[in-house]
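What follows is a set of notes on a single structure, which appears directly below.
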Amino acid sequence: MDVIEIAGAHLLRDAADGWQLLDAVVSQDGIRLVCIHAVGQSFRVEHFLRGHMLPQWQGEWRLQQPEHSITDSEQRARALADEWLTLAAN
């Protein structure tokens with residue numbers, strides 16, 4: 001398990017074996033984060049929001065949203081990521 005900082009907020013990384021992180025993109029307002037992973041022959045898009053964890057965790061964290069997307073093409077994964085990030089602009 002790793003903790004990385006992305007745009008001023010911490011992300012707890014515990015990706016399964018065989019997952020390759022292709023991209024991590026933050027919305028313009030810095031609230032939303034999307035991670036695109038290659039998983040075998042498919043692609044997984046994970047959604048995160050900036051927020052706070054329990055009091056013992058200092059600072060701001062990226063909290064995973066219960067929804068995620070799985071698709072069979074990187075192009076579609078990137079389109080799904082763009083849709084999630086566009087919600088921040090509205």
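Quote the convex hull volume per residue of the chain, based on C-alpha atoms, as a whole number of Å³.
Dividing the Cα hull volume of the chain by its residue count gives 95 Å³.
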Between residue 60 and residues 5 or more places away or on another chain, the pairs with built amide H atoms under 5 Å apart involve 10
Most packed first (mean Cβ within 10 Å per residue), the peptides 77-84, 32-39, 60-67 order as 32-39, 77-84, 60-67
Expressed as a percent, the accessible surface of the chain that is carbon or sulfur, using a 1.4 Å probe and the full set of protein chains, is 49 percent
Per the 1/(1 + (r/R0)^6) rule, R0 = 41 Å and r from the Cβ atoms of residue 58 and residue 21, FRET efficiency to 0.05 is 0.95
If one compares the long axis through the Cα atoms of helix 74-89 with the longest principal axis of the Cα atoms of the chain, the angle in degrees, nearest 10, works out at 40 degrees
Scoring the chain by relative contact order with C-alpha pairs under 8 Å, at least six apart, yields a percentage of 26 percent
To the nearest Å², the heavy-atom accessible area per residue of the chain with 1.4 Å probe amounts to 63 Å²
By the Cα gyration tensor axes a ≥ b ≥ c (a/c under 1.5 gives rounded; else a/b larger than b/c gives prolate, otherwise oblate), the shape of the range 39-90 is oblate
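The values are calculated or read from the model by the stated rules, or taken from the named source; none is laboratory data. Being a predicted model, the structure only gives us computed values, none of them experimental. Here the Cβ is made from the backbone with ideal geometry for all residues, glycine too, and neighbour counts use every protein chain on show. What goes into the accessible areas is simple: the full protein's heavy atoms, side chains included, and nothing from ligands, DNA or RNA. Shrake-Rupley method; radii C 1.70, N 1.55, O 1.52, S 1.80 Å.
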